[in-house]
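Below is one structure, written out as structure tokens; comments come after it.
The values are calculated or read from the model by the stated rules, or taken from the named source; none is laboratory data. Owing to the predicted nature of the structure, the values given are computational and were not obtained by experimental measurement. Here the Cβ positions follow ideal geometry from the backbone for every residue, glycine too, while neighbour counts run over all protein chains shown.
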Ligand SMILES: Nc1nc2c(ncn2[C@@H]2O[C@H](COP(=O)(O)OP(=O)(O)OP(=O)(O)O)[C@@H](O)[C@H]2O)c(=O)[nH]1
Ligand SMILES: [Mg+2]
């Protein structure tokens with residue numbers, strides 16, 4: 001990985017815009033910028049640290065554009081290197097000519113994510129924070145944004161650092177004994193060690209458990225709409241997204257394949273999945289649809305079970321549902337549809353949200369949305385940090401495994417040097433998250449996700 005040269009890229013999206021931003025980073029960034037730019041009076045440009053300067057840019061003897069250039073003196077820049085940012089008018093022609101000019105002067109076109117990679121290599125960000133930058137750029141809802149910010153500067157970043165520190169302390173306690181292993185002494189108080197270890201294992205487990213929620217928030221919370229044929233599932237989906245997305249008909253068994261639509265409410269993205277009505281069917285295609293419905297329900301975080309206000313056997317329907325789908329890790333909301341043609345029956349289902357509504361008139365729909373948002377907020381507030389990154393999840397599973405070995409080693413009073421090996425293993429895997437331990441392959445995979453110019 002070559003970080004000794006000066007890279008350049010357009011950091012704003014490809015295409016025409018009011019302004020575009022060209023970014024240079026590397027030892028020659030300032031010199032290159034000064035060699036290409038002039039003052040408005042045509043004199044040589046001298047950039048000053050952290051000051052925006054109005055400048056002109058000439059190409060083949062003619063004025064190309066009037067720009068604003070800012071020099072961020074190393075190490076006080078995003079990458080930790082000399083950085084110059086030049087804002088120009090957002091014409092494709094100006095952008096491309098300017099890039100070409102800098103490349104003719106010796107700058108190299110940056111790879112995707114190379115600015116952030118350099119920030120990581122120069123210690124401006126750890127690896128998990130660098131990944132958060134990509135998530136932050138990708139964030140399309142307030143909840144996804146919140147998660148990315150927490151990973152960049154907030155609770156998640158602190159939690160990882162705290163856990164690493166605890167592990168380092170634990171290791172240090174044990175390694176100390178190894179230095180004196182000939183003398184057969186135990187410096188570290190075993191009970192204290194075990195307690196520290198148990199606390200750490202608990203934190204790792206909590207973090208691992210939060211992944212499901214984190215992933216749901218990032219991608220949109222999956223909500224499966226289930227129910228018998230004709231209950232009005234497709235009508236409900238259409239009403240929720242204000243669009244005739246799914247075919248609705250009085251013929252039971254209309255929906256065959258699952259159909260998904262997203263909706264962002266109060267900054268939270270939900271993925272509603274309409275499914276085939278549940279019943280026993282001889283039609284192999286309908287049966288496939290029903291199997292898909294069951295699969296969708298298994299993957300969902302929330303099940304919206306749609307029955308109608310006319311149904312007399314709601315409790316029984318819910319029992320059948322629970323027999324077929326394990327709802328322990330999910331949230332169940334029972335919708336009593338068609339409240340425009342019948343009075344909602346009184347059903348008592350312990351620990352279950354029930355909402356009566358009419359997909360046809362829209363009455364009661366807001367209450368359903370309120371329920372979804374409130375439930376999300378309660379769920380979210382129970383966790384201070386949330387894991388969203390699959391790479392981190394895998395690493396934490398390894399950490400968990402290694403800590404279990406340590407714990408068993410301590411319980412069985414194994415020699416300290418053996419237990420220490422597992423401890424180092426835990427530290428190693430935790431280090432792959434924050435980047436204390438890394439290799440070119442990991443970095444290549446992570447930074448290729450980025451856009452050019454970031
Ligand atoms: N009166 C009334 N009719 C409704 C309401 N919601 C749906 N319907 C009607 O119920 C029938 C079935 O609606 P769908 O939305 O296709 O039902 P579904 O649950 O998707 O049915 P399948 O796809 O066959 O499983 C249609 O004739 C709808 O017009 C409602 O709130 N009130
Ligand atoms: Mg349908």
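Values computed for the structure shown
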{"read-out": "Total residues in segment 326-357, condition within 16 Å of ligand 1 (Cβ to nearest atom) and farther than 24 Å from residue 301 by Cα", "value": "8"}
{"read-out": "Test: residue in segment 330-351 that is surrounded by fewer than 20 Cβ atoms within 10 Å (Cβ to Cβ) and touching a residue at least 60 places away in the same chain (Cβ under 8 Å)", "value": "no"}
{"read-out": "Scope segment 320-329; condition touching a residue at least 60 places away in the same chain (Cβ under 8 Å) and under 25 Å from the mean Cα position of the chain (by Cα); matching residues", "value": "329"}
{"read-out": "Number of the exception - residue 317 against (1) modelled with pLDDT of 90 or more; (2) more than 35 Å from the chain's Cα centre (by Cα); (3) under 23 Å from residue 354 (Cα atoms); (4) not in a helix (DSSP H, G or I)", "value": "(4)"}
{"read-out": "Single residue of 133, 83 found to be modelled with pLDDT of 95 or more and either more than 24 Å from residue 68 (Cα to Cα) or crowded, with 21+ Cβ neighbours inside 10 Å (or both)", "value": "83"}
{"read-out": "Only one of 273, 285, 265 that is buried (at least 22 other Cβ atoms within 10 Å of the Cβ) and farther than 18 Å from residue 322 by Cβ", "value": "273"}
{"read-out": "Test: residue in segment 187-205 that is modelled with pLDDT of 90 or more and touching a strand residue (DSSP E or B) at 6+ places or on another chain (Cβ under 7 Å)", "value": "no"}
{"read-out": "Criterion: more than 11 Å from residue 102 (Cα to Cα), modelled with pLDDT under 95 and not in a loop (DSSP other than H, G, I, E, B) - qualifying residue of 18, 42", "value": "18"}
{"read-out": "Helices (runs of 4 or more DSSP H) (entirely within segment 80-152) containing at least 2 residues that are farther than 15 Å from residue 450 by Cβ", "value": "92-104, 142-152"}
{"read-out": "Hits in segment 29-72 - residues which are touching a strand residue (DSSP E or B) at 6+ places or on another chain (Cβ under 8 Å), surrounded by fewer than 14 Cβ atoms within 10 Å (Cβ to Cβ) and in contact (Cβ under 8 Å) with a residue 12 or more places away in the chain", "value": "39, 40, 42, 48, 49, 50, 51, 52, 54, 66"}
{"read-out": "Among (1) in a helix (DSSP H, G or I); (2) modelled with pLDDT under 95 - the single one residue 239 does not satisfy", "value": "(2)"}
{"read-out": "The listed residue being within 30 Å of residue 240 (Cβ to Cβ) and surrounded by fewer than 18 Cβ atoms within 10 Å (Cβ to Cβ), out of 387, 418, 357, 369", "value": "369"}
{"read-out": "Residues that are within 16 Å of ligand 2 (Cβ to nearest atom) and on the phi > 0 side of the Ramachandran plot, drawn from segment 201-250", "value": "227, 230, 232"}
{"read-out": "Index of the failed condition, residue 277 passing every other in (1) under 30 Å from residue 138 (Cβ atoms); (2) within 12 Å of ligand 2 (Cβ to nearest atom)", "value": "(1)"}
{"read-out": "Single condition residue 198 does not satisfy, out of (1) outside any strand (DSSP E or B); (2) surrounded by fewer than 17 Cβ atoms within 10 Å (Cβ to Cβ); (3) within 16 Å of ligand 2 (Cβ to nearest atom)", "value": "(3)"}
{"read-out": "Condition met for residue 266 (away from ligand 2 (no atom under 16 Å from the Cβ) and under 36 Å from the mean Cα position of the chain (by Cα))", "value": "yes"}
{"read-out": "Boolean, residue 353 is assigned by TED's automatic domain parsing to the domain that holds residue 264, at pLDDT below 95 and under 20 Å from residue 232 (Cα atoms)", "value": "yes"}
